[in-house]
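The structure appears right after this line, and notes come after that.
The values are calculated or read from the model by the stated rules, or taken from the named source; none is laboratory data. Since this is a predicted model, take the numbers as computed values, not measurements. Reconstructed Cβ throughout: ideal geometry from the backbone, glycine too, with neighbour counts over all protein chains shown. The protein model used for the area step is the full one, side chains on, heavy atoms only, and it has no ligands, DNA or RNA in it. Shrake-Rupley method; radii C 1.70, N 1.55, O 1.52, S 1.80 Å.
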Amino acid sequence: MREHPVRLMIVDDHPVVRDGLRGIFHGVPDIEVVAEAADGHQALAQARATRPDVVLMDLRMPGLDGVGAIERLRSEHPEVHVIVLTTYDTDADVSRALAAGVAGYLLKDAPREELQAAVRTAAAGGRVLAQRITSQLIDGFGQKRRASPSPRELEVLRLIARGAANKEVARALLISETTVKTHLKHVFAKLGVDNRAAAVVVAMERRLI
């Protein structure tokens with residue numbers, strides 16, 4: 001049992017969102033909102049001044065964004081636990097936040113009880129993830145384990161990424177256009193996409209090409 005309330009800072013560039021979050025924690029006896037900030041730079045200044053235990057951090061903000069602020073906070077105040085609270089749930093956003101060392105990743109449609117419980121969990125050293133994010137991570141891990149493009153398929157994809165048409169890929173690799181199409185069909189299935197552009201994007205995100 002904590003002797004003092006959890007000291008919470010709210011960081012979001014929208015005043016209405018900050019007002020709403022402050023209201024969620026108003027009157028909660030074991031959580032006290034001690035600071036607010038509208039961007040990453042303000043968050044760092046407020047953290048130095050108020051020493052929060054937990055920070056609710058938006059990702060997309062002007063100036064210093066959420067991930068940049070998290071990295072600075074974790075460096076300057078390693079004892080502070082940061083929970084991302086955002087509307088963005090893409091794999092890239094989640095990966096960047098987790099790599100920065102957050103204690104949690106929640107979406108802004110989370111109910112008040114979940115937010116309050118998450119702050120308590122983070123303050124106690126635990127971690128919290130929205131169910132949708134957990135499912136995404138599990139699904140993504142499973143896809144990576146199931147199949148990766150073969151070296152030959154990646155050769156085809158690299159040429160596609162450079163703008164080559166099927167005929168040009170076939171000529172460069174000394175294979176038929178039918179074989180090129182077969183390789184692409186396999187790549188689409190393995191990467192979970194249905195077109196060339198998406199295959200290139202996913203392959204680049206996964207650093208396959």
**OP:** Could you please let me know if L64 is closer than 21 Å to E36 by Cα, under 10 Å from the mean Cα position of the chain (by Cα) and assigned to a loop (DSSP other than H, G, I, E, B)?
**Re:** no
**OP:** Look at the stretch 82-92 and say how many of its residues are over 10 Å from M57 (Cβ atoms) and either at pLDDT 85 or above or open to solvent by less than 10 Å² (accessible area, probe 1.4 Å) (or both).
**Re:** 1
**OP:** Find the residue count for the stretch 101-122, including only residues that are within 19 Å of A69 (Cβ to Cβ), assigned to a loop (DSSP other than H, G, I, E, B) and small (G, A, S).
**Re:** 2
Original post:
List the pairs whose first member sits in the stretch 41-63 and is closer than 17 Å to I24 by Cα, whose second member is of a type in the set (K, R), and whose Cβ atoms are under 9 Å apart, counting only residues at least 6 apart or on separate chains?
Top reply: V54/R7; V54/R120; D58/K108
Original post:
Only one residue in L44, L85, L64 is touching a helix residue (DSSP H, G or I) at 6+ places or on another chain (Cβ under 8 Å) and under 21 Å from G126 (Cβ atoms), so which one is that?
Top reply: L85
**OP:** Would you mind stating whether T50 is in contact with a strand residue (DSSP E or B) (Cβ under 6 Å, 6 or more places away or on another chain), surrounded by fewer than 16 Cβ atoms within 10 Å (Cβ to Cβ) and under 23 Å from A117 (Cα atoms)?
**Re:** yes
**OP:** Look through the stretch 151-194, keep the residues that are under 14 Å from R206 (Cα atoms) and in a loop (DSSP other than H, G, I, E, B), and return whichever of them is most open to solvent (accessible area, probe 1.4 Å).
**Re:** G192
Original post:
Out of curiosity, is I31 open to solvent by less than 70 Å² (accessible area, probe 1.4 Å) and in contact with a Phe, Trp or Tyr (Cβ under 6 Å, 6 or more places away or on another chain)?
Top reply: yes
**OP:** Specify which of the listed residues (L98, L59) is touching a strand residue (DSSP E or B) at 6+ places or on another chain (Cβ under 6 Å) and either under 16 Å from V128 (Cβ atoms) or outside any helix (DSSP H, G or I) (or both).
**Re:** L59
**OP:** Identify the residue in the stretch 34-47 that is open to solvent by less than 20 Å² (accessible area, probe 1.4 Å) and part of a strand (DSSP E or B) and, among all such residues, is farthest from L8 (Cα to Cα).
**Re:** A37
